[in-house]
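Trainee: My structure is below; once you've seen it, I'll send some questions.
The values are calculated or read from the model by the stated rules, or taken from the named source; none is laboratory data. Quick caveat: nothing in here was measured; it's all calculated off a predicted structure. Note that each Cβ is placed from the backbone with ideal geometry, even for glycine, and that neighbours are counted across all protein chains shown.
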Amino acid sequence: MVFNTGSALLDAIVLSVVSKETEGTYGYRITQEVREVMDISESTLYPVLRRLLKDDCLEVYDKAFSGRNRRYYKVTEKGDAQLRLYQIEWKSYSRKVSKYLLEE
Amino acid sequence: MNRREYLRRLEQCMKGMPPKEVEDALRYYEDYFEDGSLTDEEIITSLGKPEDVARQIRGNAGYDYSEDKVENNEAQKDIKTPKKRTKGDWVLIVIIIICLLPIVLPVIGSIIAAVLGLLFAAVLLTLAFLIGGLVAAFSGIGTLFVSLASGLVITGLGIVSACVGILLCRLLWYVFSKGVPAMAKGVVKICKWPFKDGSEKEGA
């Protein structure tokens, strides 16, 4: 991707990806889905998840999967509120950028 | 490198971080190997060197255990830490102080004496204005009945003198309450100066 992606945008995408699954989802899948949108390296995601966990925007729980425990990530209430804030911000930001860049 | 070696190396690279953090990170990457539909080798290639992965975890925003930061701090400490004075330095300082004593002591002594003398003179002067003025004012009242003009002059001059005395009182009060402690502090500072370390001198 040509444009720089700040950590806030990455946080927003991760929150959005995780919130799509009500039961939460696991690390590998989050990485793959985020990579559909943004060009991040495979090792970038864990620090983001850790930051969101620390900020209480995400929570983890372990669930049995094919004979082992898999760690799942789930959006908390705070994370949900944060995501809504990101959505509002993004709407106004992207509209402004489009207005100038594409002369819409 | 296989999966186990990779994870072990990653763990080594995270040394010094809180155990819970290390455990969580390892847990994430273990899952990552399990869940990826690729071979271990492919995953290792896509993740990159464990050293870099660990650096990213450490360097994550708001994380105080950043390896780079720690190194920087140490580098800065090296620059800022003043050289500790050796025994030889201290001996030299003491010798210099002893040699300077015959010159410094009389100088400091006479300065202190001069300042005290001036203060004493100022106090006496103030008292003279105050008491002399009051006495003149009262004796002037008596003179009023003898000669109105000279009585008024004496009383007036006496009151003026008393007022000057009062003003000097305030000035003296200021000097004693503010100036003297400041001077004392200054003297203490000068006395401490030879014993200071380089760092304190920088900060002062």
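Trainee: Testing A:Lys54 on (1) within 10 Å of chain B (Cβ to nearest Cβ); (2) crowded, with 19+ Cβ neighbours inside 10 Å, one condition comes back false. Which one is that?
Mentor: Result: A:Lys54 passes all but (2).
Trainee: Related question: If we keep just the residues of the range B:49-68 that are within 7 Å of chain A (Cβ to nearest Cβ), surrounded by 14 or more Cβ atoms within 10 Å (Cβ to Cβ) and over 12 Å from A:Ser41 (Cβ atoms), which is modelled with the highest pLDDT?
Mentor: B:Ile57
Trainee: Could I ask something else about it? Got a sec? Which of A:Val14, A:Val2, A:Val34 is at pLDDT below 90 and away from chain B (no Cβ under 13 Å)? Give the derivation first.
Mentor: Values: A:Val14 fails: at pLDDT below 90; A:Val34 fails: at pLDDT below 90.
Criteria check complete, one pass: A:Val2.
Trainee: If you don't mind, another one. Name, by its number, the condition in (1) surrounded by fewer than 17 Cβ atoms within 10 Å (Cβ to Cβ); (2) at the interface with another protein chain (Cβ under 9 Å from one of its Cβ atoms); (3) closer than 20 Å to A:Leu52 by Cβ that does not hold for B:Ser46.
Mentor: All conditions are met except number (3).
Trainee: If we keep just the residues of the range A:17-31 that are modelled with pLDDT of 90 or more and more than 9 Å from chain B (Cβ to nearest Cβ), which is surrounded by the fewest Cβ atoms within 10 Å (Cβ to Cβ)?
Mentor: Filtering the range A:17-31 for residues that are modelled with pLDDT of 90 or more and more than 9 Å from chain B (Cβ to nearest Cβ), the one surrounded by the fewest Cβ atoms within 10 Å (Cβ to Cβ) comes out as A:Lys20.
Trainee: Scan the range A:31-55 for residues that are closer than 23 Å to B:Met14 by Cβ and not β-branched (Val, Ile, Thr) and report the count.
Mentor: Final tally of qualifying residues: 13.
Trainee: Okay, moving on. Please note which helices (runs of 4 or more DSSP H) are completely contained in the range B:98-204 and include at least 3 residues that are surrounded by 13 or more Cβ atoms within 10 Å (Cβ to Cβ).
Mentor: On the way: elements: B:148-174, B:180-192, B:198-203.
By residue number, B:148-174.
Residue by residue, here is whether (1) surrounded by fewer than 16 Cβ atoms within 10 Å (Cβ to Cβ); (2) aromatic (Phe, Trp, Tyr); (3) at negative phi; (4) more than 11 Å from chain B (Cβ to nearest Cβ) holds:
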{"position": "A:Leu49", "(1), (2), (3), (4)": "no, no, yes, no"}
{"position": "A:Ala64", "(1), (2), (3), (4)": "yes, no, yes, yes"}
{"position": "A:Arg68", "(1), (2), (3), (4)": "yes, no, yes, no"}
{"position": "A:Val97", "(1), (2), (3), (4)": "yes, no, yes, yes"}
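Trainee: Can you pull out the residues in the range B:1-27 that are in a helix (DSSP H, G or I) and of a type in the set (Gly, Ala, Ser)? Working first, answer last.
Mentor: We begin by selecting, within the range B:1-27, every residue in a helix (DSSP H, G or I); these are B:3-13, B:19-27.
Within the range B:1-27, just B:Ala25 meets the criteria.
Trainee: Right, next: On the given criteria, is B:Tyr6 within 14 Å of chain A (Cβ to nearest Cβ), over 18 Å from A:Asp62 (Cα atoms) and of a type outside the set (A, V, I, L, M)? Talk me through it step by step, then tell me what you get.
Mentor: Values: within 14 Å of chain A (Cβ to nearest Cβ): yes; over 18 Å from A:Asp62 (Cα atoms): yes; of a type outside the set (A, V, I, L, M): yes.
Against the criterion (within 14 Å of chain A (Cβ to nearest Cβ), over 18 Å from A:Asp62 (Cα atoms) and of a type outside the set (A, V, I, L, M)), B:Tyr6 qualifies.
Trainee: Can I ask one more? Can you name every residue in the range A:48-63 that is under 12 Å from the mean Cα position of the chain (by Cα) and either assigned to a helix (DSSP H, G or I) or closer than 25 Å to A:Val2 by Cβ (or both)? Break it down stepwise before answering.
Mentor: As a first pass, look at the range A:48-63 and keep what is under 12 Å from the mean Cα position of the chain (by Cα): A:48-53, A:57-58.
A:Val48, A:Leu49, A:Arg50, A:Arg51, A:Leu52, A:Leu53, listed by residue number.
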